[in-house]
Amino acid sequence: MAKEKKRRINAVSVPTEILIHIAMILFCALCIVPFILVIIISFTSGESITEKGYSFFPNSWSLESYKYAFEMGYVLWRSYFNSFFITVVGTVASVLVCALYSYSLSRKDFKYRNFFTFFSFFTMLFGGGLVPTFVVTKQLLGLHDSYAAVIIPLMVNPFNFIVMRTFFQTSVPDELIEAAAIDGSGEYNTLFKIVFPVAKPGIATIALLNAIAYWNEWFIPMLYLRNDVKHMPLQHLLVSMQRDVEFLAKNAAMMGAEASKAMQGTSTQALRMVLVVLAVVPIACAYPFFQRYIVAGLTIGSVKG
Amino acid sequence: MKQKKLLALLLSAAMVTTMFAGCGAKEETAAPAADTTTETAEATDDAAETAAPEENKFADHVTLKWYLHGSNVSDDAAVLEKVNEYLNEKINADLQPIWGTWGDFDEGATLAINGGDDVDIYFTCSWSADEYNKYAKQGAWVRLDDPSNNLIDQYGSDVWAALPQVLKDGAVTDGAAGTGVYAVPGFKDFGTQNTWDVNVTLLEELGYTLADVESRDFYSFGDLLAAAKEAKGDDFYPLVIEGAVLERMVTNSIIVNGDTAGVLSYYLDPKDVSNDIGSKVVNKFGTDEYAKFANQVREYYLAGYIDPALANGGTANDTLVAQQNAANYLIGTQSYALGYEYTTSAARGIHVEYVPCTDPYVDKTATQGAMMAISTASKNPERAMAFLNLLNTDPYLMMLLEYGVEGTHYTLDDNGLVVFNDDARATYSPWRNGMGNITLLTPTADEGVDFFTDTFVPYYTNAKAIPAFGYSFVPTSVENELASLANVQAQYALSIDCGSVDPATALPEFLEKLDANGIQTVVDEANAQLDAYFAAN
């Protein structure tokens with residue numbers, strides 16, 4: 001009974017809480033279990049995979065795939081470095097573009113805000129299609145075989161603009177900007193010294209979204225880098241290994257003996273899982289850094305009341 | 001309001017221009033190519049008159065971009081340095097390969113072609129997404145034997161002389177610039193031969209010999225399979241098959257080039273593949289041979305000789321590869337390539353032999369297995385042709401591009417055979433059959449000194465062409481029927497081919513559905529085209 005009294009007023013009943021907990025635990029398990037399986041497979045020996053398939057309890061363990069991965073040397077480390085480089089530079093650049101663009105849109109005294117809102121929003125509804133995009137990016141803008149070819153196409157994201165614009169509108173009061181102006185602050189000073197600190201949670205959210213987008217991108221590198229090892233990110237290396245195997249399996253009937261021969265040269269399942277682990281760990285480590293801002297961002301609305 | 005209208009107008013204008021940008025770029029790039037062809041035509045006229053030395057034609061230095069398939073290359077610097085040194089001297093050009101991989105090639109290459117990218121030479125063939133015949137028709141490839149500007153005569157006479165006639169015939173297609181040759185075929189294994197993949201190690205354990213397989217056929221394998229099943233237990237499935245391949249092997253039928261639904265068959269004479277047994281295209285599933293095959297495979301399935309996972313499209317491939325690699329089979333199906341028994345014996349750790357069902361035969365699909373086409377977007381089609389000519393006739397260049405630098409990527413042993421340096425080859429192994437004329441290569445130590453001269457070349461040059469060799473079904477008029485037939489086929493064919501359903505009930509049902517979806521229209525159209533082909537030849 002005493003316990004019952006300590007419960008907060010907004011607490012739900014015990015059975016409901018138990019239900020919610022079970023649902024949440026199940027949901028977390030759904031997210032985590034596959035990853036645990038991936039880690040286990042990456043330590044499983046090749047024979048065990050052939051005999052037993054993917055299993056949480058393999059017949060035999062092995063470090064062979066990790067050894068092989070680290071012996072890949074240049075290709076692996078170069079792509080690892082590329083992933084970091086693209087993610088860091090890309091995130092900084094895209095957050096800057098996003099903040100500048102959406103801050104302008106959030107200002108009611110900006111004359112063309114409706115036009116520019118629609119201008120970016122329109123691209124969310126209608127894309128140019130793959131071939132025209134390719135022609136513009138590669139032939140017209142000359143973006144290929146360089147880091148810029150991977151960073152620039154992802155730099156402008158209308159969805160983030162709209163999220164950020166709304167965030168500026170709701171969390172930065174107009175009075176604050178007016179007060180700054182009265183105190184003699186210029187536009188850039190107001191933006192960087194006054195608005196940005198207030199909008200930190202929103203910027204952190206956008207930064208995380210962009211970082212994940214850059215880290216996970218493999219399609220754009222595939223189109224514009226075309227296996228140029230110097231600039232290729234880790235995700236592309238991983239996806240192309242996976243796609244090689246899929247392609248050969250799919251075309252086995254058409255290619256006959258040739259496919260089986262080529263199959264010998266492709267990566268093993270355990271090796272691909274090693275790369276998955278290598279690709280997931282760094283970005284998983286990024287979450288704690290951003291987490292407190294995101295939580296703050298989620299609760300900020302209610303604080304304002 | 002006014003502003004809004006203006007805005008809408010502006011945006012729709014922007015959209016329309018971007019939409020057309022894709023097409024526009026292509027036309028633009030096609031135009032200079034046409035200009036250069038007329039120029040070179042004049043240039044060659046001049047050359048004929050004044051007998052100018054060949055170097056004059058290649059006075060300006062160019063870079064050739066070359067899109068390849070199936071590569072495993074991450075470091076080509078050492079090779080390219082030597083290649084470019086050599087090519088600079090020969091044709092005043094640098095080479096810039098784009099090492100397409102198995103997984104990326106289809107998307108990358110089709111996008112580059114449709115986007116009018118500045119790639120000079122593309123890998124193309126009958127099975128990749130930049131399919132040779134389709135893109136020839138679309139105008140993506142330069143016609144090489146164009147009567148008004150015959151690149152083969154001018155720059156590629158050597159490679160043309162080196163190729164077997166059947167490959168040259170197979171390269172003829174009905175393209176945008178008339179019926180002719182649109183790509184240089186690679187001299188690689190182009191014969192098709194379906195074989196029984198026999199686990200000889202297990203066979204001998206059971207007290208049989210290879211001769212026991214050779215003297216039997218599919219309908220009399222029963223006792224061998226029973227013995228294996230008994231010896232190895234219930235979880236062992238002695239017959240590891242690919243349903244569609246098995247069906248073709250047993251009924252002696254082949255794929256009809258252009259049949260996207262997999263419902264047509266063309267029957268061969270198993271004793272002599274070039275013998276015309278009344279050439280006709282038929283509904284694959286409607287023949288007596290098929291019914292007989294289906295009953296037999298059902299019997300084997302019920303006896304537990306076939307893994308049920310092989311009858312399921314989702315698991316068939318993985319199971320097949322896993323069982324083969326683990327040597328968990330007695331008899332399997334395999335489309336054969338010369339020397340394949342050595343590869344698989346080593347990989348599976350058993351003695352593998354391949355017992356042929358027929359002699360090797362040549363059809364158009366196989367001759368178009370690996371080709372190099374010059375893009376109409378290329379600014380230097382003459383130089384590209386000169387490069388392909390050199391690549392397919394010059395052993396030094398071919399060795400360099402395929403095997404790498406001597407001393408770095410490979411060494412020669414006492415017999416002058418290639419021994420690979422595995423470390424260096426790990427970063428440079430292009431796909432051999434996707435390169436060109438592989439008979440120029442020095443054999444590897446595994447293959448032996450006489451591999452190409454005594455084994456490879458005779459095997460393939462003696463392979464006979466099927467009676468309807470040049471025929472390929474153009475299904476444009478029956479595409480709707482083919483699309484719905486493909487659905488019906490996907491529903492029934494694999495399970496009947498593997499025996500997981502009873503043909504007594506499933507086959508009539510299947511045939512009825514094929515009829516309802518217009519199989520007869522497709523068969524009639526295919527036969528009309530076949531008759532027209534024979535009448536023309």
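Computed quantities for the displayed model
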{"read-out": "Cα centre as origin, Lys/Arg/Asp/Glu Cβ charges: chain A dipole, Debye", "value": "660 debye"}
{"read-out": "Degrees separating the helix B:316-325 axis from the principal Cα axis of chain B, which is the longest one", "value": "80 degrees"}
{"read-out": "Per-residue mean of C-beta atoms belonging to partner chains within 10 Å, peptide B:110-117", "value": "5"}
{"read-out": "Interface size A-B, as summed buried accessible area [1.4 Å probe, Å², nearest 100]", "value": "3800 Å²"}
{"read-out": "The protein assembly as shown, helix-only ellipticity at 222 nm - DSSP H runs n ≥ 4, -39,500 (n - 2.57), divided by all residues, nearest 500", "value": "-17000 deg cm²/dmol"}
{"read-out": "Interchain or long-range residues, amide H under 5 Å from B:Trp196's placed H", "value": "B:Val355, B:Cys357"}
{"read-out": "More than 31 angstrom apart: percent of Cα pairs within the stretch A:69-304", "value": "38 percent"}
{"read-out": "Cα gyration tensor of the protein assembly as shown - equivalent ellipsoid semi-axes, whole Å, descending", "value": "52, 39, 28"}
{"read-out": "Rounded to whole Hz, the Karplus (6.51, -1.76, 1.60) HN-Hα couplings of the stretch B:125-135, x for glycine and proline", "value": "5, 7, 10, 8, 5, 8, 3, 4, 5, 5, 6"}
{"read-out": "Alpha-carbon centroid distance for the pair the stretch B:293-362 / the stretch B:157-204, whole angstrom", "value": "24 Å"}
{"read-out": "Charge-dipole axis of the stretch A:69-304 as Lys and Arg at +1 and Asp and Glu at -1 on Cβ define it, positive-most pick from A:Tyr287, A:Ser94, A:Ala180", "value": "A:Tyr287"}
{"read-out": "The stretch B:279-426 shape via C-alpha gyration tensor axes, a/c threshold 1.5", "value": "oblate"}
{"read-out": "5 angstrom amide H check on B:Gly175, placed H, neighbours 5+ away", "value": "B:Gly180"}
{"read-out": "Protection proxy ranking of B:90-97, B:183-190 - average other beta-carbon atoms within 10 Å, highest first", "value": "B:183-190, B:90-97"}
{"read-out": "Sulfur and carbon atoms: percent of accessible area, the stretch B:304-382 [1.4 Å]", "value": "50 percent"}
{"read-out": "Whole-angstrom gap from the stretch A:55-70 to the stretch A:154-218, using each part's C-alpha centre", "value": "45 Å"}
{"read-out": "Relative packing of peptides B:392-400, B:149-157 - highest average C-beta neighbours within 10 Å first", "value": "B:149-157, B:392-400"}
{"read-out": "Antiparallel %, DSSP beta bridges [both residues in the protein assembly as shown], to 5", "value": "70 percent"}
{"read-out": "Principal-axis tilt of helix B:2-50 within chain B, Cα atoms, nearest 10 degrees", "value": "80 degrees"}
{"read-out": "10 Å Cβ neighbours from other chains, averaged over peptide A:120-129", "value": "2"}
{"read-out": "Estimated vicinal HN-Hα couplings, Hz - the stretch B:371-381 in sequence order (Karplus 6.51, -1.76, 1.60; Gly, Pro = x)", "value": "9, 10, 10, 9, 6, 5, 7, 6, 8, 10, x"}
{"read-out": "Those aspartates and glutamates that a straight Cα-Cα span of less than 15 Å connects to A:Lys108, excepting residues fewer than 8 apart in one chain", "value": "A:Asp174, A:Glu175, A:Glu178, A:Glu187"}
{"read-out": "Percent of Cα pairs exceeding the 31 Å cut-off, where the set is chain B", "value": "55 percent"}
{"read-out": "Average Cα contact separation per residue, the stretch A:43-182, under 8 Å, 6 or more apart, as relative contact order %", "value": "26 percent"}
{"read-out": "Accessible-area composition of the stretch A:124-232, carbon plus sulfur, in percent [1.4 Å probe]", "value": "66 percent"}
{"read-out": "For chain A: relative contact order, % (alpha-carbon pairs under 8 angstrom, 6 or more apart)", "value": "26 percent"}
{"read-out": "Accessible area of A:Cys31 in the full protein assembly, 1.4 Å probe (Å², nearest 10)", "value": "80 Å²"}
{"read-out": "Angle between chain B longest axis and helix B:105-114 axis [Cα atoms, degrees, rounded to 10]", "value": "40 degrees"}
{"read-out": "DSSP H segments from chain A that extend 27 Å or more along their own axis, Cα-based, with Kyte-Doolittle mean of -0.5 or above", "value": "A:14-42, A:74-106, A:269-304"}
{"read-out": "Peptide A:16-23 - average C-beta neighbours from other chains (10 Å radius)", "value": "0"}
{"read-out": "Long-range amide H partners of B:Thr63 with built H, under 5 Å", "value": "B:Asp94"}
{"read-out": "Unit charges on C-beta of K, R, D, E only; dipole of chain B, Debye", "value": "1540 debye"}
{"read-out": "Value of relative contact order over chain B, rounded to a whole percent, pairs C-alpha under 8 Å and six or more apart", "value": "22 percent"}
{"read-out": "Integer Hz, Karplus 6.51/-1.76/1.60 couplings in order for the stretch B:528-536, x for Gly and Pro", "value": "4, 5, 5, 4, 4, 5, 5, 5, 6"}
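The values are calculated or read from the model by the stated rules, or taken from the named source; none is laboratory data. Since this is a predicted model, take the numbers as computed values, not measurements. Glycine gets a Cβ as well: all are built from the backbone with ideal geometry, and neighbour counts include every protein chain shown. Heavy atoms of the whole protein, side chains included, go into the accessibility calculation; ligands, DNA and RNA do not. Shrake-Rupley method; radii C 1.70, N 1.55, O 1.52, S 1.80 Å.
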